[in-house]
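Working notes, structure below.
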Amino acid sequence: MKLLVLGAGGQVGRELLRAAWPTGWQVEGRTRAEVDLADAVALRQAIIDLRPDLVVNAGAYTAVDRAEGDRDAAFAVNGVAPGVIGRAAAAVGAAVIHYSTDYVFDGAGGGGRIEDDPVAPLGVYGASKEAGERALREATARHVILRTSWVFAAHGTNFVRTMWRLGSERPDLRVVADQRGCPTAAAAIAAATVRIARRIAQGDAAWGTFHFAGAPATSWAGLAEAVFVEMERRTGRRPQLAPITTAEYPTPARRPANSVLDCGRIFRTYGIEAPDWRADLSVVLDEATAGAATAAAGGERRA
Ligand SMILES: NC(=O)c1ccc[n+]([C@@H]2O[C@H](COP(=O)([O-])OP(=O)(O)OC[C@H]3O[C@@H](n4cnc5c(N)ncnc54)[C@H](OP(=O)(O)O)[C@@H]3O)[C@@H](O)[C@H]2O)c1
């Protein structure tokens, strides 16, 4: 198999490049600098030139709050590009694996969202990702869309690194406790992608949309608490954590109160279980703290 990984510089993109692919598979990564998803002509040409068997699109405009004021750019990357990828892939006989988000849902109600639940994004990022799902579905039937949530890794911009940095600098932190979701390690998403790609190579794929996210569900404050427990175990100190409400932490983009994803379909279809994010968190912090003093993860909260 020859694979093209787009958005190769991101959390999931980097994990895809270092994932355990079957021997002999050719995995070509392209960062934003190499292939700009917002440039439809260049994007199509990159796929036509490489003629991969599978395109994995890990590229996206993920700055949720910034997207509120940057609609066109967010829709170009998240809404239009998946259709361009799908059509170019179909033209060269390639399949597509693409990622979407829990933010296509409005977060109302309890329980986990299943794939066929009605979408109702609350903001520009979610709406642009939902548009991208539709564009890909229209472009090619040979697609797998993985909706995931609350992605973290040892590199890149994510909540876990932000909490580690802030928790290292401050004696106490106030963290939102009334939004629930499923933290998911980027490495787990890459591992699930390898298993799906194997089925595609065997000609035994199940196409369509699947939810893939970590378990158990928690809140942002619950995830922060897990980071601080790890911090205390590793450094002997930790900040105090005060749970607050969404109303006490206003952001430009509204976020779903409940974005828990039901991952039953991917288990029934591909035998892929929801990963335990607490175990993955420990592995990620091993890498993040071993590498270097946790670099400032930067201020923006991403999807
Ligand atoms: N992060 C989350 O919590 C989360 C949650 C649910 C779903 N997802 C979805 O999961 C997938 C992977 O996200 P991630 O966590 O790996 O996000 P990420 O770390 O922000 O990576 C996204 C990558 O896309 C690249 N990119 C942005 N604009 C681009 C463009 N015009 N052309 C080419 N590349 C571009 C970025 O490059 P730069 O670094 O140069 O900007 C970055 O390398 C995305 O589809 C995302 O929507 C993420």
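Looking at D178, D204, just one residue is in contact with a helix residue (DSSP H, G or I) (Cβ under 6 Å, 6 or more places away or on another chain), over 20 Å from D116 (Cα atoms) and either without any contact (Cβ under 8 Å) to a residue 40 or more places away in the chain or of a type in the set (D, E, K, R) (or both), and that residue is D178.
Applying the set (1) within 12 Å of the ligand (Cβ to nearest atom); (2) farther than 21 Å from L261 by Cα; (3) crowded, with 21+ Cβ neighbours inside 10 Å to G29 leaves exactly one unmet item: (3). Tell me, please, whether a residue that is under 19 Å from the mean Cα position of the chain (by Cα) and among the small types (G, A, S) can be found in region 262-275. There is at least one residue in region 262-275 that is under 19 Å from the mean Cα position of the chain (by Cα) and among the small types (G, A, S). Scan region 34-69 for residues that are open to solvent by 20 Å² or more (accessible area, probe 1.4 Å), without any contact (Cβ under 8 Å) to a residue 40 or more places away in the chain and either assigned to a loop (DSSP other than H, G, I, E, B) or within 11 Å of the ligand (Cβ to nearest atom) (or both) and the total you get is 4. On the given criteria, is A127 assigned to a helix (DSSP H, G or I), open to solvent by 10 Å² or more (accessible area, probe 1.4 Å), more than 30 Å from R198 (Cβ to Cβ) and among the small types (G, A, S)? Yes, satisfied. Residues of region 176-201 that are within 16 Å of the ligand (Cβ to nearest atom) and more than 30 Å from P22 (Cα to Cα): V176, Q179, R180, G181.
Pull up region 138-175, narrow it to residues that are within 14 Å of the ligand (Cβ to nearest atom) and assigned to a strand (DSSP E or B), then point me to the one that is most open to solvent (accessible area, probe 1.4 Å). Before you say what the answer is, go through the steps one by one.
Within region 138-175, the first condition is being within 14 Å of the ligand (Cβ to nearest atom), and the residues that meet it are 143-163.
Add one more test, that the residue is assigned to a strand (DSSP E or B), and what stays is 143-148, 151-152.
On the way: H143: 15, V144: 0, I145: 0, L146: 2, R147: 6, T148: 14, V151: 34, F152: 3 Å².
Residue satisfying both the conditions and the ranking: V151.
Across region 98-115, the qualifying residues are those that are open to solvent by 10 Å² or more (accessible area, probe 1.4 Å) and in contact with a helix residue (DSSP H, G or I) (Cβ under 9 Å, 6 or more places away or on another chain), and the one among them that is nearest to the ligand (Cβ to nearest atom) is Y99.
The residue that is farthest from the ligand (Cβ to nearest atom), counting only those in region 1-24 that are open to solvent by less than 50 Å² (accessible area, probe 1.4 Å) and over 23 Å from F152 (Cβ atoms), is P22.
The values are calculated or read from the model by the stated rules, or taken from the named source; none is laboratory data. Just so we're clear, the structure is a prediction, and the values are computed from it rather than from any experiment. Counting neighbours? That spans all protein chains shown, and the Cβs are built from the backbone with ideal geometry, glycine included. For accessibility, only protein heavy atoms count, side chains too; no ligands or nucleic acids. Shrake-Rupley method; radii C 1.70, N 1.55, O 1.52, S 1.80 Å.
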